[in-house]
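Notes follow the structure.
The values are calculated or read from the model by the stated rules, or taken from the named source; none is laboratory data. From a predicted model like this one, the values you see are computed outputs, not experimental measurements. Cβ sites come from the backbone with ideal geometry, for glycine too, and all protein chains shown count toward neighbours.
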Amino acid sequence: MDDYPIISFITPTFNREKLLVETLQSLRAQTDPRWEDVAVDDGSTDGSVDLVQSYCRKDSRFRFFAREREPKGACACRNIGVEKARGKYVVFLDSDDLAAPHCVEQRAREMEAHQNLDFGVFQALLFENNPGDLGRWWNIDKPAVDELTRQFVQDVLCQGTGPAFNKESFIRVGMWDETLTLWQDVDLMFRLYIQGYRYEKFLHLPADVYLRESPQSLSRSNFFARHKLESRFRVVQKAVRLLIENAQSARVREARYMAAEVISAAARSHNDDLAATALRWAKDCKVLNQVEAADLKWFCTAARLRLTRFSFVARWLKRKMRWSDCSGSQTLGRIPSSESPVAIED
């Protein structure tokens with residue numbers, strides 16, 4: 001075995017002992033041994049630390065670190081993992097997700113065959129308890145639509161915990177933004193797409209990562225909390241600023257759907273000052289035209305006065321805001337019945 005791995009899996013951990021064992025076992029089942037797992041603990045109080053350290057004693061490819069700096073959170077742990085990683089490529093594998101047995105073999109083969117790439121997008125399979133139980137990929141390819149456009153309407157081709165990144169490229173793009181509390185993946189992919197990082201889609205290959213879909217996800221809880229609304233607003237602001245800085249001002253209008261979502265969410269949760277600030281910014285940056293800005297101002301006023309409890313007001317606002325509904329752009333990646341995932345054995 002080579003002294004250095006070709007792929008470094010980065011696994012942030014926090015009180016996930018029961019699920020983490022499945023994640024670590026999926027790595028031990030790899031058909032290609034050229035990997036390491038860099039687990040970075042975020043202050044677990046259960047048996048997660050002992051579990052990882054027991055794997056480290058059995059297999060030197062498992063490496064453990066504790067977060068020793070601020071801020072707390074998965075993104076800080078992921079960045080620390082990248083700093084410690086020895087592999088040429090990094091893959092972010094959360095402590096409740098799984099790698100298919102062919103993951104390293106498949107990704108190493110494709111990334112080495114396309115060494116000009118900054119990252120490669122591989123198919124991910126969503127699951128709840130066992131791979132394949134939801135019958136759904138993360139998403140499917142749409143060759144007629146570019147990935148940045150899809151990102152703006154939240155028809156996201158991939159998230160951060162799925163692709164294989166060239167480590168040097170990932171560091172160059174700025175790694176994870178540790179100050180964000182929501183939409184960290186969205187922010188990362190915006191930076192990659194807008195700044196022209198080179199990527200290839202390998203979605204024709206079998207899914208090689210299994211992403212657990214859980215209703216208890218931290219990103220889904222307290223979705224309208226003030227700090228999460230502010231984080232979402234910052235992501236949209238950063239994306240628009242990057243477009244302008246990279247001579248893509250003509251695409252600024254594509255941010256109107258996300259801007260409208262943030263503004264309406266702030267209004268519905270009675271963060272009126274944030275809604276007003278975001279609306280003013282969106283008008284000034286030409287993200288929203290005059291009609292759209294006026295519609296959102298009506299929405300904010302109705303929400304502030306709690307008029308939306310009246311059904312006729314709600315229906316009227318829905319008609320006025322129809323332009324902001326991009327749900328029709330989103331696609332669920334249903335798996336053909338003829339395709340079945342590879343099972344992972346203990």
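For ALA282, the requirement of being surrounded by fewer than 16 Cβ atoms within 10 Å (Cβ to Cβ), assigned to a helix (DSSP H, G or I) and modelled with pLDDT of 95 or more is not met. Inspect all residues belonging to region 57-75 and state whether any of them is in a helix (DSSP H, G or I), within 20 Å of the chain's Cα centre (by Cα) and farther than 20 Å from TYR210 by Cβ. There is at least one residue in region 57-75 that is in a helix (DSSP H, G or I), within 20 Å of the chain's Cα centre (by Cα) and farther than 20 Å from TYR210 by Cβ. Within region 44-56, not a single residue is out of contact with any strand residue (DSSP E or B) (no Cβ under 6 Å at 6 or more places or on another chain), of a type in the set (Asp, Glu), farther than 14 Å from LEU98 by Cα and at pLDDT below 95. Looking across region 135-158, just one residue is touching a strand residue (DSSP E or B) at 6+ places or on another chain (Cβ under 8 Å) and closer than 11 Å to ASP185 by Cα, and that is CYS158. Within region 30-52, can you find the residues that are under 21 Å from GLY87 (Cβ atoms) and surrounded by fewer than 17 Cβ atoms within 10 Å (Cβ to Cβ)? Passing the criteria: THR31, PRO33. Residue under question is VAL236, and the condition is that it be of a type outside the set (D, E, K, R), outside any helix (DSSP H, G or I) and under 22 Å from ARG150 (Cα atoms); does it hold? Here the answer is no, as VAL236 does not meet what is asked. For first residues located in region 167-196 and without any contact (Cβ under 8 Å) to a residue 24 or more places away in the chain and surrounded by fewer than 17 Cβ atoms within 10 Å (Cβ to Cβ), partners that are among the basic types (Lys, Arg) and in a loop (DSSP other than H, G, I, E, B) and lie 6+ apart or on another chain with Cβ distances below 9 Å form the pairs GLU168/LYS88.
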